[in-house]
Structure formats: C-alpha cells, structure tokens
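Below: the structure, in structure tokens.
The values are calculated or read from the model by the stated rules, or taken from the named source; none is laboratory data. For clarity, every value in this text was computed on a predicted model and none was experimentally measured. Here the Cβ positions follow ideal geometry from the backbone for every residue, glycine too, while neighbour counts run over all protein chains shown. These area figures cover heavy atoms from the full protein model, side chains too; ligands, DNA and RNA do not enter into them. Shrake-Rupley method; radii C 1.70, N 1.55, O 1.52, S 1.80 Å.
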Amino acid sequence: MPNLINKLFSKEEMLSESIKLANSMLEDVESMALAAWKEVRSGKASKLDIEMLDKMVNRKLAEVRRGVVAHLNMGAKQNLYPALVLTSIVVDIERVGDYAKNMSTMARQSREPIATGGFEEMLAKIEHAVFEELLPRGRQALVGEDYEAAAMLLRGADWINRDCDEIARQMATGQVHNLEAKQQVRLVLYVRYIKRINSHWQNALTSIVNPYDRIGFHRKA
C-alpha cells in the first residue's frame, strides 16, 4: 500500500493543505467525542465548545473538497487516487463530529449522569474500546498510513456494534425493568451514537487496508 500522505505532501501545495485540514479534522472530532462521552457520564457540561468545533469541522470539510477539486482541475492526474480517497474519508470524519454533537446535546438536556441499569459493565467495555482505544489509535494509524495498526484495530472492533445492538434490543423487547422510560430512551440513543461513531471511524480506517472501491467495507478477521 503506497504511503499516500507522504506522496501528497511531496506534490502540489494545494492538495497537501487539504491533507493538513483532514488531519486537523481528525483531532477535532476525537476531542469532541471524548468531551461528549464525559458529559454523558458526568452530567456536567464540558468546557469544550462542541457546537463551535462542529461548525469548524464542517468548514474544513468544504475546504478539503475545494482543495481537491482545484488540484484535479490543474490536471494533476498522478494524484487522482489519493485525492479520491481523501474526499471519501473526510465525510466519515465529519459524521463522527455530528454524532459527538448529538451526544453532547442529549447530555446537556438532561444534566444528570446517564442511567445504565444492568448494562454498566458491558457499556464501560464498549466506551473504553471506542473512546480510549479506537479513536486515538485510529487517528494515529490514519495520519501515519499504518496498514498493520489499522488492520489490527478493525479486526478487534467487530464486537462493538453487536454489543450496542444487544443493549438496544433488550430494552426494545421489554427485558429491562429497572429504568424509567426516559432513562431507557437516553440509553438507547447513547449506544446508537457510540455505534455510529465506531462505524464511521472504522470506515475511515478501511481506506488504509482496502482498495478505493472497498472503502467502508470491513473484511472478515
């Protein structure tokens, strides 16, 4: 797998600036997700202005697209493949920011720590895997174009969405009786947001291990 980041930086400045913006987006949305997670768990508003940061991420996404289009309009065909990859993964990065913002909004509407019922151990395992492992290590893999690290993260994250779905399934089928209705709604929304953050982050990681037509598709371990 060619090192697309280094290749791009050695070429036109316009496209290298788009790469810098994409890396900045990775840092932004990781910070947003971590802050939103802490808000949900503590019931206290974060000092980080998540809504402002979300708007910045949206602007950076538009700038990346403009930079790629301008680069391609200059006839730089030698970087067509990495440019296409870049425009694909920044969408997933931006979506992580959207779900982090949704999570923060839900937390601030309640102003109390989320009730986990009998799912505390299961949920804590999911949170650790996503917020403390997948997000920071995935960002490092993406920036460094680390094939082995990305492949390992993808192989080790298959269970996360299944566990999120299991929590939601048990509540939807009336198997949970120790939570009020509003508490169940919040918990279902929370695991849904975590699932989507996990999925979009993994989609971005597939850009390192898969060809362009398979970005977003996860290979079996």
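Quick look at the numbers
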{"read-out": "The chain - percent relative contact order, Cα under 8 Å, separation 6 or more", "value": "26"}
{"read-out": "Met122/Arg66 FRET efficiency (R0 41 Å; Cβ-Cβ; nearest 0.05)", "value": "0.40"}
{"read-out": "Ranked by how many other beta carbons lie within 10 Å on average, peptides 94-105, 63-74 from highest", "value": "94-105, 63-74"}
{"read-out": "Ordering of 31-41, 156-166 by burial proxy (mean other Cβ atoms within 10 Å per residue, highest first)", "value": "31-41, 156-166"}
{"read-out": "Added length on full extension, which subtracts the Cα-Cα distance from 0.36 nm per residue, Ser110 to Lys20", "value": "28.7 nm"}
{"read-out": "Unsatisfied cross-links (Cα-Cα over 22 Å) in the set Lys44/Lys101; Lys60/Lys125; Lys47/Lys125; Lys38/Lys101; Lys20/Lys125; Lys55/Lys101", "value": "Lys60/Lys125; Lys47/Lys125; Lys20/Lys125"}
{"read-out": "The chain, dipole about Cα centre (Lys/Arg Cβ +1, Asp/Glu Cβ -1), debye to the nearest 20", "value": "360"}
{"read-out": "CD proxy at 222 nm, helix term only [per DSSP H run n ≥ 4: -39500 (n - 2.57); per residue of the chain; nearest 500]", "value": "-25000 deg cm²/dmol"}
{"read-out": "Normalised convex hull volume, the stretch 77-221, alpha-carbon set, Å³ per residue", "value": "112"}
{"read-out": "Relative contact order for the stretch 74-188, counting Cα pairs under 8 Å that sit 6 or more residues apart, in percent", "value": "29"}
{"read-out": "Accessible area in square angstrom per residue, the chain, 1.4 angstrom probe", "value": "49"}
{"read-out": "Environment charge of Lys44, counting only residues whose C-beta is closer than 13 Å and scoring Lys/Arg +1, Asp/Glu -1", "value": "+3"}
{"read-out": "Descending semi-axes in whole angstrom, ellipsoid equivalent of the stretch 97-170, from the Cα gyration tensor", "value": "26, 17, 10"}
